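Comments concern the structure below.
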Amino acid sequence: MTQYIIKRIGWIIFNLLVLSLIAFILIKNVPGSFLELQILIGQAGTMGTGLTISEVEKVRGVETEMMKRWGEDVPLWQQYLTFIKGLVTLDMGPSFRWPTQTIEEIIANTFPVSFTIAILAVTIAIIIGIPLGVLAALKQNSWIDYLVSALVMVVSAIPNYVMAVFVIFLFSFWIPILPTYGWGQPKNYILPVLAMSFGPIGSIAGYMRTSLLDALKQDYIRTAWAKGGTERHVIFGHAMKNSLIPLVTILGPMISHLILGTVFVEGMFGVPGMGQYFSQAAGSRDYPLMMAQTVIFGLILMIMNLIVDIIYFFLDPRIRVSRR
Amino acid sequence: MGNKKRIGRSYWSNIWEKFKRNKLAVFGLIFVCILILLGISAPWLAPYPYDEVHYEAVWTPPCREFLAGTDQLGRDIFSRLLYSLRNAIIVGLGAQSLIVVIGLTLGLIAGFYGGKTDNILMRIVDIVYSFPSYLLNIILVLVLGRGYFSIFVAIAATGWAGMARLVRGQTLSTKSRDFVEAARASGAGNNRIMFRYILPNIIGPVIYSIFSGIPGVMLVESGLSLIGLGVRPPMPSWGLMISEGTGQFLYNPYMLLAPAGMLVLTILSFNFVAFGLRDALSARE
Amino acid sequence: MRRFLTIILSLVILSSTFLGTAYAEKVFRWSGSWGNTWDLSFHQGFIWVHMMGLTEGLIKWDKDMNPVKGMAESYTISKDGTVYTFKIRKDAKWSNGDKVTAYDFEYGIKYILSPKNGRGSFFGGAWYIKNAKDYANAVISDPNQVGIKVLDEYTIQFTLDGPHPDFLTTCALPTLYPMHRTSIEKLGNKAFDAGNLVTNGPYKLVGYTPNVEYILEKNPYYYDADKVEVDKIVGKLGGDPFLMYRRNEVDLINVGAAQLPVIEKDPILKKELITFPQSTVNLMYFSYFEHPAFDDRRVLTALQKAIDKEKICKFVYRGLAKPAYSVVTDLIPGSTANDPEVVEKFRFDPEAARKLLAEAGYPGGKGFPTVHFLIHSGQANDPLILAVKSEWEKNLGIKVIIDNYEQGVWSVKRFEIQSEPTFTFSGASYLYPDPAAPLTLNYAEGCLVASLKTKDLVEKVRLEKEQTEALKAGDEKKASELAKRIHNIIYTRSTPEARKILSLVQQAQRTTDPKKRLELYRQANKIRDINMYSSFPLVQPMSARLVKSNFEVPFNKYLVGFPVGFAYIRTK
């Protein structure tokens, strides 16, 4: 087992290197630069036509100064190495767009927020989704099953940025009990978590239903019935336990997706999470932040996959044999 | 040869029988067909061009003249919905076909040849699989410029890995079956075995994966449109329309409900077909 | 169920009123500002928040936008108008209790100008200071050459490159602000974080969560602190403003045309609505391309006359805009925006427009090249752009294609030479009510460039690209030769009218007599409005705000409609 984990970690490092190299090459080929956009912002606030091309050319004299400041005056391969070095030593320097914050600080400040929200959303999804799925499976082909299945499908098809609008209007306008915007108090968590949990509720319930139905058809369940087990014993003791295993596989990607896939929910409710920083990074050509976010998110994804595999390893003895 | 054809027919008719029994799936399939037809014929069906402005009628709620109301420029939302549907279908099918072409070829090769080829290919698949696809989509669209093709490429660049994995697994299990051995014994070449014998037998799960992947692709496109990187405006897209509508839900709710409703409806009908297919396919085994 | 809800509701209301009475603090919450760093050297939204309440220059604006003494106790202007000497008030203090000195001003202004810090702002007074522009553009590297001199702890002297009567007003703008030297030198970048940021204005920054909100509190060391009524300012940086306003989570929001019908239907909201004109013109202008049609004044007049601005303002903006016929708004003294001659020349008249186009050889738009609108994703929903497209297609029969690029890509694309006629869109805001605000020397030089024939313009751009290449390669000789050629193009091939504008502006900048100066600027404006064709003024938008009735907020017409200052907000 330890050997397996070490091997996997080795691959994670290799994958990260490949990912960062690809990301670096791509990012350096994106047209436009932070400086260009800064000029644009400076211009937008004041005179539309005042800045003529000759002025821009003059400003280019500043470019070298800026490039020096942000370490862009050296060859590309050196920049890449600097980035890798920063990544390893956890000293990635300041972001362009947020000059008073270093990349590490941004991540240290925002990751816990995004992570908490994602975990809460998944927890709620598990609490609601599993019983719904079980209910639907046990009453297969009854009206309860159809109702639950339909509901589950509809809510999981609604993207969270639309769901966010619905919950905000439901709970803070039509039934005005929750604040629409802000951060810091426990009640601020409710709406964003709610908006984000609908999708996972749908997929967890759907998954649970199918895998429980599958499990109920298996031989060992038939044996358990034959042995005269009670309904509770058979379903909750045997079938449930086994049908929960495949569920673990979707939780990893689900959490990592929720950590970053929350840009709109964050903007709408004022959640100081990672999503907004990261979505703005590409738009403002904040290269260090773009690089860091790609690698960090790749890392989260890979670690989640690893954790899932490890859990899987302990849950299902059959896997141990079949895995290389 | 004749024998194989008969098996093939019974295989498909068997699945079709199973599929037909699932009312929801049939309903979904009919709906998908209607949606695709609507999308294809959008230029003829739309009562107005998608970018025709009617100043006198800005923010008109749904009425007889404008079936789904108008937006901030008096553009007919119904026509824009049809065009968005068209775009979503183009992106959905386009990106999926790219995914299928790449994933199927690499998966087949990896599964069929095994050994070193398999190891290398699967290593690449593993790497791509662990890429943060949302971020790479954004960067790729930025590098390639906006347009249908770059959206296809951006989505397929990370999307093919899942398909390759699936195809490889299926190929591995099919490879050892008797009829492949028989074909090999009768002197069939590798390519012939791959495409004439193995491919038809793994096509079921592939079709399921295509159908279940399309809604995802459509959601990615609308997510990109939401941040201004999807299909180029003024060409409408659900993501763009939703972003226009979210701020106005309080006073012009139809501006959000119409595109969101269509998006959900399309995704649902594709999902229904996918679920139906999955049940039909798994029931066979 | 209903009873349950009512109980919860009343509990919530009770608790909030209880909390409300527990703190007698007056809090003003608003939505409408943006930004990411409190470093003044970065030109982004928060420099305006600095101006509204955090940092105070030598001069500040009173609530009616007149320049009054801020940190300065008195000032003297030399006879020729080029040397300004300010005495700083002795009771001026930073938010940590330190004295505000002339050294802080010198440090702050040079910090903002320095090419090593952020990116200086492209406006106003700092440019008037001798050598400031060259220092900011890294042409000279010695900050001591910049015309700022500290005479003693409380006296600072600015030497300008000419008499600029508007320099006094621009001292209120964020390029001429003091900065707290010791904290910046000690903490570096961290000096700009909430809690560390030391300011000299009526407020200090106590909290900032990026993308969420910032919190300002009254600065007890401010010399006029007892006249500041509101204790706390909360700026919200996201969310749905209208909803937040309806839910009483904010006291001030911006509203647009979409919300107007709802507001008009609601008697309370209707009373809280404030609209006022804004010193901004939305316009479209040429990109770089070569096409003889766009050198033909008949075509250019036809294009402008084919846009029904009245209708666009009435229906698309719902009255929250008025047609613009000059790139300088009528809020700027010396503007000729309402000059009948100017208005008549470009007034909507589709018949005349079609006739002009036919005369130029394009009857009914036949043979006219396809026009491209080069816009960025932020403009994708801008109704104005689509309205112009539809007006041209309908009234002139020409074809318009909208090319929408992501903002960063757009920022590069717009400087490229286009193969087909291309327009870009932008807004021009003028920051203070002085004729020199829009008509800078820079702008007047720009007029020369703008008057070039499309062919010459493209040639100039090509040469400039070569020049940049040469500079990068270190070929100084070639670069200076190219610069000469560029200069030649600009000064020999531009129209006489454009050169007239330049000479008028140059003359005006040397004039100290206010009446004469205004007249010179007025003349320059009129020549430009009648003879310049490279940018089409479209509309002058108005600001609409909703303010809760218990607050009285004076608004700034010149700065995208922000409050003039938080210190002027009164509670009722």
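The values are calculated or read from the model by the stated rules, or taken from the named source; none is laboratory data. All values reported here derive from a predicted model rather than from experimental measurement. Please note: Cβ atoms are built from the backbone with ideal geometry, for glycine as well, and neighbour counts cover all protein chains shown. Each accessible area value is taken on the protein alone, full model and side chains, heavy atoms only, with ligands, DNA and RNA left out. Shrake-Rupley method; radii C 1.70, N 1.55, O 1.52, S 1.80 Å.
Structural remarks
- Relative contact order (%) - chain A, alpha-carbon pairs under 8 angstrom, separation at least six: 24 percent
- Normalised by the number of residues in chain C, the mean separation of alpha-carbon contacts (under 8 Å, six or more apart) gives a relative contact order of 18 percent.
- Accessible-area composition of the protein assembly as shown, carbon plus sulfur, in percent [1.4 Å probe]: 60 percent
- GNM top mover of A:GLY252, A:GLY202, A:GLY86 - chain A, alpha-carbon springs below 10 Å: A:GLY86
- Along each principal axis, taking the top coordinate minus the bottom one, the Cα set of chain C gives 76, 70, 48 Å in descending order.
- With both labels modelled 7 Å from their Cα along Cα-to-Cβ, the C:LYS355 to A:ALA150 distance reads 6.6 nm.
- Estimated distance in nm for a label pair at A:LEU90 and C:SER78, the labels positioned 7 Å out from Cα along Cα-to-Cβ: 5.7 nm
- Restricting attention to the stretch A:108-284, the count of lysine pairs at 8 or more positions apart or across chains with alpha carbons under 24 Å apart stands at 6.
- Listed peptides C:261-269, C:107-115 appear in the order C:107-115, C:261-269 once ranked by packing, highest mean of other Cβ atoms within 10 Å at the front.
- Loss of accessible area when A meets C, both sides summed, Å² nearest 100, probe 1.4 Å: 5500 Å²
- Residues of the stretch C:196-228 buried by at least 10 Å² on assembly (accessible area, 1.4 Å probe, chain alone as reference): C:THR209, C:PRO210, C:ASN211, C:VAL212, C:GLU213
- Near-label residues of the stretch B:206-225 by backbone N, under 14 Å of a point 7 Å along Cα→Cβ of A:TRP11: none
- Simple spin-label estimate for C:ASP64 and C:LYS314 gives 3.6 nm between the two label positions (7 Å along the Cα-to-Cβ direction from each Cα).
- At an R0 of 45 angstrom, the distance between the Cβ atoms of C:THR275 and C:LYS484 translates into a FRET efficiency of 0.30.
- Against chain A, whose longest principal axis comes from its Cα atoms, helix A:274-283 is set at around 40 degrees.
- Zone of B:TYR113's modelled label, taken as backbone nitrogen in the stretch B:163-183 under 15 Å from a point 7 Å along Cα→Cβ: B:168
- Interface burial for B against C (accessible surface, 1.4 Å probe, total of both chains, Å², rounded to 100): 2100 Å²
- Annotation note: GluC sites (Glu not before Pro) in the stretch C:405-467 located in DSSP loop regions with a Cβ neighbour count of at most 15 within 10 Å are C:GLU416.
- Three principal axis lengths of chain B [C-alpha, angstrom, descending]: 76, 43, 29
- Whole-angstrom gap from the stretch C:273-324 to the stretch A:246-285, using each part's C-alpha centre: 40 Å
- Candidates B:TYR50, B:TYR148, B:TYR11: whichever shows maximal mean-square fluctuation once chain B is modelled as a Gaussian network with Cα springs under 10 Å: B:TYR11
- Take every Cα pair under 8 Å whose residues are at least 6 apart in sequence, average their separation, divide by the length of the stretch A:108-284, and the relative contact order is 34 percent.
- Computed over chain B with a Gaussian network model linking Cα atoms closer than 10 Å, the most mobile of B:ASN137, B:ASN201, B:ASN271 is B:ASN201.
- Subtracting the Cα-Cα distance of A:TRP174 and A:SER142 from their residue separation scaled by 0.36 nm leaves 8.1 nm.
- Gap separating the Cα centres of the stretch A:135-191 and the stretch C:510-572, nearest whole Å: 47 Å
- Qualifying chymotrypsin sites (Phe, Trp or Tyr not before Pro) for the stretch C:132-204 [loop in DSSP, other Cβ within 10 Å: at most 16]: none
- Per-residue ellipticity at 222 nm from helix content only, as computed over the protein assembly as shown with -39500 (n - 2.57) for each DSSP H run of at least four residues, stands at -18000 deg cm²/dmol.
- Our note on the geometry: Cα centres of the stretch C:58-80 and the stretch B:184-251, 64 Å apart.
- The simple Förster model, with R0 at 41 Å and r as the Cβ-Cβ distance, assigns A:LYS187 and C:LYS515 a FRET efficiency of 0.10.
- DSSP-loop trypsin sites (Lys or Arg not before Pro) across the stretch A:156-242, with at most 15 other Cβ within 10 angstrom: A:LYS227
- Whole-number D in µm² s⁻¹ for the stretch A:108-284, Kirkwood Cα-pair radius fed into Stokes-Einstein, 37 °C, 0.692 mPa s: 187 µm²/s
- Theoretical FRET efficiency, 1/(1+(r/R0)^6), r = Cβ-Cβ of A:LYS28 and A:ARG232, R0 60 Å, to 0.05: 0.45
- Kyte-Doolittle mean at least 1.0, axial Cα span of 15 Å or more - DSSP H helices of chain B: B:23-40, B:77-113, B:133-144, B:199-226, B:254-284
- A 1.4 Å probe run over the protein chains yields, for the protein assembly as shown, 41 Å² of accessible area per residue, whole-number rounding.
- Rg over Rh for the stretch B:22-160 works out to 1.14, both radii taken from alpha-carbon positions and Rh defined as the Kirkwood radius.
- When nucleic acids and ligands are ignored and a 1.4 Å probe is applied, C:ASP308 ends up with an accessible area of around 20 Å².
- Spin-label zone in the stretch C:75-98 - amide nitrogen under 19 Å from a point set 7 Å from the Cα of C:LYS186 along the C-beta vector: C:93-98
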